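K.L.:
Have a look at this one.
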Amino acid sequence: MSTAHDTVLVVDFGAQYAQLIARRIREARVYSEIVPRTMPVAEMLAKRPVGIVFSGGPASVHVDDAPTVDPAIYDAGIPVLGICYGAQLLAQQLGGEVRRTGGGEYGRTVMTRAEGASVVLDAFDAEQTVWMSHGDAIAVAPDGFTVTASTPGAPIAALEDRDRGFYGVQFHPEVAHTERGQDVLRAFLFEACAARPTWTNTSIIEDAVAEIRAQVGDGRVICGLSGGVDSAVAAAIVHKAVGDQLTCVFVDTGLLRLNEAEQVEETFRRQFEVDLIHVKAGDRFLDRLAGVTEPEAKRKIIGETFIRVFEEVARDLSDARFLVQGTLYPDIVESGGGDNATIKSHHNVGGLPDDMDFDLVEPLRQLFKDEVRAVGEELGLPEDIVWRQPFPGPGLAVRIIGEITPERIDILQQADHVVVEEIRRAGLYREIWQSFAVLPAVRTVGVMGDGRTYEYPVVIRAVTSEDAMTADWARLPHDLLERMASRIINEVPGINRVAYDITSKPPGTIEWE
Ligand code: XMP
């Protein structure tokens, strides 16, 4: 993309590392973009970067086909910061030596600064705790470099050549475990690169609005709302850009959480005055799901029904040419990187029929999730939507084990509401990745008052996670679990027992189906 912002490129030697670095740079209000290490240097330079960061990565510079970058990059007169693997690569390519050190260092490590000034370590004490993760280490610094810090396992833990603007750190300044790590990045950005911190929520919104207006002109735009943060923020930005040229379509599957549909109505129709089509399709979904118990069959039916419903609405809006998608930056990086994937600007979406061909509007495609939330807050979306925990497309259907009936949906909605309300009251809603209730397909015996009961149990599931790929069960306080259990049994008819799921992922999944 062409941008008026000072840009720092993060050359990707391992996607997860690169994304975290790019996020930290943007937290310092400098625009950063991830590029694949295979991108020709001329193409990188065409982005007019004011600085370049080499990310860490899992490889060793000594293996065959070790990931590398065209050394022409060092002739461009642009400051470079190498991190971990990136520092080793920089040292090796400029004439230093990297060796396998034997033990390596993993985790918190005390680093000792060398005498003398350092640009990137300016904020560091003589001894500073940093986060290390390396087997190899730089053994000989290239000519022109000064060694600025060392650790027991890395005699050259930081080095710099101020005249040429080259910096290397063996530790990871981007992780929270490195004390003052953000100061290292800030010093590189503002001292070494003289970058201007213009990447703010306001500027993100202004840029997106201008881009959407240029793309859409006076065309009509459709946006599917799910209740989740991504589609909500995407809709709010597009609405800011083109106002009543936007129609939002909210397919209410009847499988949403308690009060969720009302909240979407309240926010978009009443607060934002968006042209909103609320399709109450719960009966249709229930009819199609009648008697279905197999998880994949449920998913397939819900996916297909959703598309049919959306398609019918879209056909009535036959003049609409544009469809909003809530694609985020990590989706783009992970599907090929940088703007190579500046993707499919004209393609067919998620199973919609061929004759419904939309141009995609993707206002979030440069943003990380935390930026999407910050922009959502800036646009005035309610906290409940901006900070909403992830929710699966098939909704409560994959949390109701066995058959889905209106009664069982009602039971689960009420139990789930108690779980979420108590998690919020305990101030844990944001730090927990997902917290919800599950309704199994068994009944158990209990005793309430003088009588025997034979009712469903509810299972509480709460997990912590970074990205849903792995998850750990949340160590909720016992008194919180007790409050949830007693409220659920007292307030939700049809439940006589509450269990807590203590399975991590793997081996479990987050959802039960
Ligand atoms: P699992 O259960 O596989 O879930 O550990 C990982 C994450 O994905 C969500 N999830 C879904 N999201 N459609 C979705 O849009 C689905 O069919 C689906 N299944 C699971 C789940 O809530 C968790 O965040």
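The values are calculated or read from the model by the stated rules, or taken from the named source; none is laboratory data. Keep in mind that this is a model prediction, so the values were computed, not measured. Ideal geometry is used to build each Cβ from the backbone, glycine not excepted, and the neighbour counts take in all protein chains shown. Protein only, heavy atoms only, side chains kept; ligands, DNA and RNA dropped before computing areas. Shrake-Rupley method; radii C 1.70, N 1.55, O 1.52, S 1.80 Å.
K.L.:
Would you mind computing, in nm to one decimal, how far apart the modelled labels at residue 112 and residue 60 are, each placed 7 Å from Cα along Cα→Cβ?
P.N.:
For the pair residue 112/residue 60, the computed spacing is 2.7 nm.
K.L.:
Could you give me the ³J(HN,Hα) list for the range 14-19, computed from phi with Karplus coefficients 6.51, -1.76, 1.60 and θ = phi - 60°, whole Hz, x at Gly and Pro?
P.N.:
For the range 14-19, the Karplus-derived couplings read x, 3, 5, 4, 5, 5 Hz, x marking Gly and Pro.
K.L.:
What is the gain in length, in nm to one decimal, between residue 283 and residue 321 on full extension, counting 0.36 nm per residue of separation less the C-alpha to C-alpha distance?
P.N.:
Length gained, residue 283 through residue 321: 10.7 nm.
K.L.:
Here is a further query. Can you work out the FRET efficiency for the pair residue 127 and residue 176, with r the C-beta to C-beta distance and R0 = 22 Å, to the nearest 0.05?
P.N.:
The calculated FRET efficiency here is 0.70.
K.L.:
Same structure, new question: What's the ranking of 392-398, 127-133 by average number of surrounding C-beta atoms within 10 Å, highest first?
P.N.:
392-398, 127-133
K.L.:
Also, quick follow-up: Mind jotting down the distance between the C-alpha centroids of the range 52-90 and the range 420-439, whole Å?
P.N.:
Computed from Cα coordinates, the inter-centre distance equals 42 Å.
K.L.:
Counting only heavy atoms of the protein chains, get the accessible area per residue of the range 7-192 (1.4 Å probe) and round it to a whole Å² value.
P.N.:
It amounts to 39 Å² per residue over the range 7-192.
K.L.:
Here's another thing I want to ask about it. Can you send over the carbon and sulfur percentage of the accessible area for the range 405-500, probe radius 1.4 Å, protein chains only?
P.N.:
51 percent
K.L.:
Now for a separate question. Pull out the extension gain between residue 41 and residue 99, defined as 0.36 nm times the separation in residues minus the alpha carbon to alpha carbon distance; nm, one decimal.
P.N.:
Numbers: separation 58, 0.36 × 58 = 20.88 nm, distance 2.72 nm.
Between residue 41 and residue 99, full extension yields 18.2 nm more.
K.L.:
Looking at 121, 8, 139, which one has the Cα that reaches farthest to the positive end of the dipole of the range 7-192 (charges on Cβ: Lys, Arg +1; Asp, Glu -1)?
P.N.:
Selected residue: 8.
K.L.:
Something else about it: Let's test the formula: R0 of 30 Å, r as the Cβ-Cβ distance of residue 359 and residue 424. What FRET efficiency results, to the nearest 0.05? The partial results should precede the final answer.
P.N.:
Working: r = 39 Å, r/R0 = 1.31.
So the FRET efficiency works out to roughly 0.15.
K.L.:
Evaluate E = 1/(1 + (r/R0)^6) for residue 198 and residue 445, where r is the Cβ-Cβ distance and R0 equals 56 Å; express this FRET efficiency to the nearest 0.05.
P.N.:
0.30
K.L.:
Still on this structure, I have one more. Counting only heavy atoms of protein chains, what accessible area per residue, in Å², does the range 405-500 have with a probe of 1.4 Å?
P.N.:
Value for the range 405-500: 51 Å² per residue.
K.L.:
Turning to a different aspect of this structure: With labels modelled as points extended 7 Å from the Cα through the Cβ direction, what inter-label distance (nm, one decimal) is found for residue 262 paired with residue 300?
P.N.:
3.7 nm
K.L.:
Restricting to the chain, compute how many DSSP beta bridges are antiparallel as a %, nearest 5.
P.N.:
The antiparallel proportion sits near 45 percent.
K.L.:
Another question about this same structure. List residues of the range 282-321, by number, whose backbone nitrogen lies under 17 Å from a label position 7 Å along Cα→C-beta of residue 220.
P.N.:
Residues passing the 17 Å test: 310-321.
K.L.:
Determine the shape class of the range 36-98: with a ≥ b ≥ c the square roots of the Cα gyration tensor eigenvalues, call it rounded for a/c under 1.5, and otherwise prolate if a/b is greater than b/c, oblate otherwise.
P.N.:
It is prolate, given that a/c is not under 1.5 and a/b is the larger ratio.
K.L.:
On to the next question. Mind checking the range 448-509 for trypsin sites (Lys or Arg not before Pro) that DSSP puts in a loop (not H, G, I, E or B) and that have at most 11 other Cβ atoms within 10 Å?
P.N.:
Here the trypsin sites (Lys or Arg not before Pro) that fit, given the DSSP loop and packing criteria, are 475.
K.L.:
Output the pairs from 240/369; 298/505; 280/505 with a Cα-Cα distance over 24 Å in this structure; if there are none, say none.
P.N.:
Listed pairs above 24 Å: 280/505.
K.L.:
Please label the shape of the range 461-513 as rounded, prolate or oblate, based on the square roots a ≥ b ≥ c of the eigenvalues of the alpha-carbon gyration tensor (a/c under 1.5 means rounded; beyond that, a/b larger than b/c means prolate, else oblate).
P.N.:
Verdict is prolate for the range 461-513.
K.L.:
Pull up the DSSP beta bridges for the range 201-386 and report the antiparallel fraction as a percent, rounded to 5.
P.N.:
For the range 201-386, the DSSP antiparallel bridge percentage is about 5.
K.L.:
Shape of the range 7-192 from its Cα gyration tensor (a ≥ b ≥ c, root eigenvalues): rounded if a/c is under 1.5, otherwise prolate when a/b > b/c, or oblate?
P.N.:
rounded
K.L.:
Continuing with this model, one more query. Calculate for the chain the 222 nm mean residue ellipticity that helices alone would give, adding -39,500 (n - 2.57) per DSSP H run of length 4 or more and normalising by residue count, nearest 500 deg cm²/dmol.
P.N.:
Helix-only estimate at 222 nm: -9000 deg cm²/dmol.
K.L.:
If I model a spin label at residue 139 and residue 271 as a point 7 Å from the Cα along the Cα→Cβ vector, what separation in nanometres do I get?
P.N.:
6.1 nm
K.L.:
What percentage of the solvent-accessible surface of the range 27-182, computed with a 1.4 Å probe over protein heavy atoms, is contributed by carbon and sulfur atoms?
P.N.:
That share works out to 48 percent.
K.L.:
Once amide H atoms are placed 1.01 Å from N in the peptide plane, what residues at a sequence separation of 5 or more from residue 220, or on another chain, have their amide H within under 5 Å of its amide H?
P.N.:
Under 5 Å from the amide H of residue 220: 321, 322.
K.L.:
Between the alpha-carbon centers of the range 170-226 and the range 469-513, tell me the distance in whole angstrom.
P.N.:
Each part's Cα centre sits 37 Å from the other's.
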